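Here the structure is laid out as C-alpha cells; the discussion comes afterwards.
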Amino acid sequence: MTAAHIFTEQQEIKQVIMKKLIYIMLALFGFIAGCKKDEDPIFDDPDTRLAAALADHQAELLSASNGWKATIYPKGGKGFFYYFKFTADGKVTMLSDFNTTTATTPKESTYRLKALQRPTLIFDTYNYIHLIADPDANVSGGSNATGLTSDFEFAFTGSSGDSLKFEGTFNKNAMVMVKLSSAEEQNILGGGIKKILDESTLAVSGKILYIMLNNKQVPVSMSMTGKSFSIAGQSSSPFSFTLDGLELKTPVTYSGITFNKVYWNASGKYFYLLNGTTEIKIEISPSPLPLDITPALHTVIKTRWTSMRINVADLPDLSADFMTKYNTANASLGTYQNNAGRYIEYINILFNADGTVTFEIRYKNPASPSSYYLADFIYNMTLNTTTGIARFTLAAAPTGNANTIKSYVTALTDYFANNDFKIVYISAAAPAGSTVGGFLSQNDPSSFFYGILLQ
C-alpha cells in the first residue's frame with residue numbers, strides 16, 4: 001500500500017468520525033429543545049408572581065362580608081380601633097375610636113394595592129386612619145411634624161384564620177385585622193364604639209381605681225384620653241377600645257398574674273379583669289392609694305426629684321376639691337388688669353436644697369402668647385420623716401409677680417398652706433412614661449392633688 005493510499009484512508013476515517021459527532025450533537029440539541037418545550041421555567045416572571053399575590057390579597061380584603069376590625073398601636077403612644085369595609089372598586093368605609101364623631105360617622109375613601117418591596121395596602125386618600133399620623137399636633141394628639149408616628153401604608157406580613165397581619169412601611173407599626181361577624185358589624189354601625197367610649201369615660205374619669213388581689217388593695221390607673229392602663233404603677237400597656245372592653249397592646253402582669261384584656265360590664269357600667277374565669281372588679285376609692293415603692297417619695301425629694309409639675313390638662317384624676325380651688329384662682333386671675341384674661345398655664349412645686357418649697361405659678365397673657373410670667377410663693381416645709389406628712393407655712397411675704405397676683409390666687413395658696421399633706425407615689429392618669437407624685441390631704445381624705453415628678 002502506497003503512502004497516498006494510507007492518507008486517503010485516514011481522511012475517510014476522520015470523515016466517518018465527524019459524521020458520527022454531528023449526528024450525536026444534532027440528537028442532543030433536539031433533546032434539549034424538546035425539554036424546553038415540555039418543561040416550565042424554573043423561575044416564574046416576577047411581575048406575574050406579584051400580580052398574582054396582589055390578586056390574592058384583594059380577594060382576602062373582599063372576603064370579609066361584614067367588614068374588619070383593626071387595631072393599631074402607634075409608636076407615639078395610645079391604641080386605636082378601626083372598622084374597615086372594602087369594595088372591589090377601590091373604596092373603603094371606616095369608623096374609629098379616635099373620638100365620638102369618628103365612632104359614629106362612617107367615612108368613605110379610596111385604597112389600592114401596590115407591589116412595593118412587598119405587596120402593600122395603601123390608604124391613599126384622607127380618612128380616619130390618617131388622623132393619628134397627621135403632622136398637626138392639634139389633630140393627631142401627638143407631636144408637630146410626626147403626629148403619633150403612625151402609618152397609612154401597610155405591607156402584608158401574614159395571615160392566621162380570620163386574621164390578616166401587616167407592618168407599616170415607614171414607621172413599622174403593626175396592624176392586625178380580624179373579620180367581623182354580622183352581629184359585631186351591626187353593633188359597630190349602630191354606635192357601639194361610641195357607647196362604650198361615653199359610658200366608660202363617665203364611669204372612670206376623675207376616679208381613683210383599684211383591684212383586690214390577695215386581700216390587698218392594688219392601685220389601677222386607666223387614662224381614657226391617654227389610652228393607657230397600668231397596675232400599681234409597675235406594669236402598663238396602651239389600649240384600644242373594643243365592643244366589650246379595652247384591647248391591650250401587651251399583657252400586664254402583677255403578683256404573678258397576667259391580664260390580657262380589660263372587660264366592660266355594660267349593664268353594671270364597670271370594668272373588670274379575668275384571672276382564669278374569676279372576675280376581678282375594678283373598684284373606686286375615695287382617695288388615692290399609695291404605691292409600694294422603696295425608697296419612699298418623701299425621702300428622695302430634693303435629691304432624686306427636684307420638682308413636680310401640675311398641668312391640669314394632662315392630669316384628669318385631680319380631686320374635685322383641688323379643681324374647685326384651681327378654677328376659682330384661674331377665673332380670678334383672668335380679671336386682673338380690667339379682665340385681660342390672664343390664665344394659669346401650669347404650676348411647678350420646686351423642692352429646694354435648703355428645705356423650702358416654692359409654689360410656682362406660671363401664667364400667661366393671651367395678648368402676648370409667646371411670653372409667660374412666674375409667680376413664686378416660698379414656703380417652709382415641716383416634714384415628718386416617718387409618716388411622710390408635710391405642713392407648709394409661708395416663709396416670706398411674696399415679692400415680684402407673686403405679690404402682684406397674690407390676691408387673685410388665694411384659693412390655691414391658702415389650700416396649700418391650710419392642709420397637711422402626705423407625700424407619696426400614687427397611681428393616677430398622666431402622660432405615658434410619667435412618674436406621679438401625690439399630695440394627699442390629711443384634713444379631707446377626698447381632697448388631693450398630684451403631678452409629674454421631674455429631675
What is the list of residues in segment 317-334 whose amide nitrogen lies under 17 Å from a point 7 angstrom out from the Cα of Ser446, following Cα to Cβ? 317-326
With runs of 4+ DSSP H residues as the only contributors, calculate the mean residue ellipticity of the chain at 222 nm using -39,500 (n - 2.57) per run, divided by the residue total and rounded to the nearest 500. -7500 deg cm²/dmol
With a point put 7 Å past each Cα toward its Cβ, work out how far Asp321 is from Asp47 in nm, to one decimal. 7.6
Of all trypsin sites (Lys or Arg not before Pro) in segment 247-276, which ones are in loop regions per DSSP and have a Cβ with at most 14 other Cβ atoms within 10 Å? Lys269
When the distances between all Cα atoms of segment 53-190 are binned every 10 Å from zero, what whole-number percent does each bin get? 13, 45, 35, 7
One computes Rg over Rh for segment 261-357 from alpha-carbon atoms, with the Kirkwood Rh, and obtains 1.12
With a Förster radius of 56 Å, plug the Cβ-Cβ distance of Ile293 and Gln337 into 1/(1 + (r/R0)^6) and report the FRET value to the nearest 0.05. 0.80
For segment 59-167, with only Lys/Arg (+1) and Asp/Glu (-1) charged at the beta-carbon, what is the dipole magnitude about the Cα centre, in debye rounded to 20? 120
Distance in nm between label sites at Tyr372 and Thr404, each 7 Å beyond Cα in the beta-carbon direction? 1.6
Loop sites in segment 98-203: trypsin sites (Lys or Arg not before Pro), DSSP, at most 14 other Cβ within 10 Å: Lys172
Over the Cα atoms of segment 193-285, how large are the radius of gyration and the largest Cα-Cα distance (Dmax), in Å? 12.0, 35
Would you mind working out the magnitude of the charge dipole of the chain relative to its Cα centre, with +1 at each Lys and Arg C-beta and -1 at each Asp and Glu C-beta, to the nearest 20 Debye? 560
Mind sorting out which of (1) 1.53; (2) 0.93; (3) 1.00 is the real Cα Rg over 2.2 N^0.38 Å computed from the coordinates? (1)
One would report the Cα pair-distance distribution of segment 297-454, bin width 5 Å, in %, as 2, 9, 18, 23, 21, 15, 8, 3, 1, 0
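Using a 10 Å cut-off around each Cβ, can you sort Asp136, Asp354 from fewest to most neighbouring Cβ atoms?
Ascending Cβ contact count within 10 Å gives the list Asp354, Asp136.
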For the chain, which longest stretch is free of loop sites, where a loop site is one of the chymotrypsin sites (Phe, Trp or Tyr not before Pro) that DSSP puts outside H, G, I, E and B and that has at most 15 other Cβ atoms within 10 Å? 171-371
Per residue of segment 237-254, in order, report the coupling 6.51 cos²θ - 1.76 cosθ + 1.60 (Karplus, θ = phi - 60°) as ³J(HN,Hα) in whole Hz, putting x for Gly and Pro. 7, x, 9, 10, 7, 10, 5, 10, x, 10, 8, 7, 5, 9, x, 10, 10, 8
About its Cα centre, how strong a charge dipole does segment 260-373 have in debye, to the nearest 20, once Lys and Arg get +1 and Asp and Glu get -1 at the Cβ? 220
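Readers should treat all values here as calculations from the given coordinates under stated rules, not as data from a laboratory. These numbers come from a predicted model, not from an experiment. Reconstructed Cβ throughout: ideal geometry from the backbone, glycine too, with neighbour counts over all protein chains shown.
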